[in-house]
Amino acid sequence: MFIRNILLIALSMISINTYANISLSTYRIFLNEDNRLSSFTVFNKAHVKQECALRFRHYDYTDGGKIVEFKDEGLPDYSAVPWFRMSPKNFVVAERGVQKVTFSMRRKVHQESAEYRSIISISCQDIDDGSNTDKPLVSLSAKLVFNIPLTVRVGEQLAQIEIQPIAIENGTVKAKLVHSGKRSVFGNFVVYEGEKEIAKLKSISIYPNMKFKDISIPIKDFQSSTLRFVFEELDEMDNAIKVERMVNL
């Protein structure tokens, strides 16, 4: 019992920074010829400075939505890195402060119509400058990492989405979003009973090399024998995709 009490006292002296200390103004960056500039803001809610660094990562996506990190040497052909500048790449956010990060699309001659993508990986960690005299005896500073998709679209790219076989099993909707075309699609999948929204799956990404993405979303407390399923693209373009499908249960 004595040892247990000592352990509990020691644990009460540990301060672990949580994800709530850092937040971002957006979690997706999109650039094209009509939208060559973009940015996001890093908000530091903590009472200590945060040291942050931005790096690039790349992922391949298989049919269904499985993610595999690209680990070969160099950059993949689809990398957006050669197509944009960002500033700053390394910075310190003051306590209770903010930092803006800007992105600009490069101008290139003889550019081919295509879509490029990368992941901006942002890691932030507390800076202990010794000024905080009220800190606990033991302080564990966790490194917080955000992964933000960045897409650069050159020229006009088309895509289509189709909602394919829908089944409801044990209170869960299972479906496929079938993709065709040369650009990625980013949006929400919503289930309606009449005009009432009864389920929603946010921020679905489908990339050009994916033929489909599996969808699984729980639903409950519906009475109607007919439900409406909607996928709506979250995009600033005029030709943003919206598809619907009615299903009789």
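Listing for the model above:
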| quantity | calculated |
| --- | --- |
| Which numbered condition VAL191 fails, given (1) modelled with pLDDT of 90 or more; (2) within 30 Å of SER121 (Cβ to Cβ); (3) crowded, with 16+ Cβ neighbours inside 10 Å | (2) |
| Residue in the range 81-92 that is in contact (Cβ under 8 Å) with a residue 40 or more places away in the chain and small (Gly, Ala, Ser) present | no |
| Residue list for the range 215-249, restricted to those being open to solvent by 80 Å² or more (accessible area, probe 1.4 Å) and under 18 Å from the mean Cα position of the chain (by Cα) | GLU232, GLU236 |
| Residues located in the range 88-110, provided they are open to solvent by less than 70 Å² (accessible area, probe 1.4 Å) and touching a helix residue (DSSP H, G or I) at 6+ places or on another chain (Cβ under 9 Å) | MET105 |
| Flag for ILE168 being under 30 Å from VAL230 (Cβ atoms), at pLDDT 95 or above and not small (Gly, Ala, Ser) | no |
| Complete set of residues in the range 47-95 that are of a type in the set (D, E, K, R), over 20 Å from ILE29 (Cα atoms) and in a strand (DSSP E or B) | GLU51 |
| Residue check, VAL48 β-branched (Val, Ile, Thr), within 21 Å of GLN157 (Cβ to Cβ) and open to solvent by less than 50 Å² (accessible area, probe 1.4 Å) | no |
| Candidates GLU73, GLU95 - the one that is more than 24 Å from the chain's Cα centre (by Cα), closer than 29 Å to TYR61 by Cα and among the acidic types (Asp, Glu) | GLU73 |
| Subset of the range 57-87 [among the small types (Gly, Ala, Ser) and open to solvent by less than 30 Å² (accessible area, probe 1.4 Å)] | GLY64, GLY65, SER79, ALA80 |
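The values are calculated or read from the model by the stated rules, or taken from the named source; none is laboratory data. Because the structure is a prediction, the values reported are computed rather than measured. Here Cβ is always computed from backbone atoms with ideal geometry, including for glycine, and neighbour counts include all displayed protein chains. When the accessible area is computed, the model is the full protein with side chains, heavy atoms only, and any ligands, DNA or RNA have been set aside. Shrake-Rupley method; radii C 1.70, N 1.55, O 1.52, S 1.80 Å.
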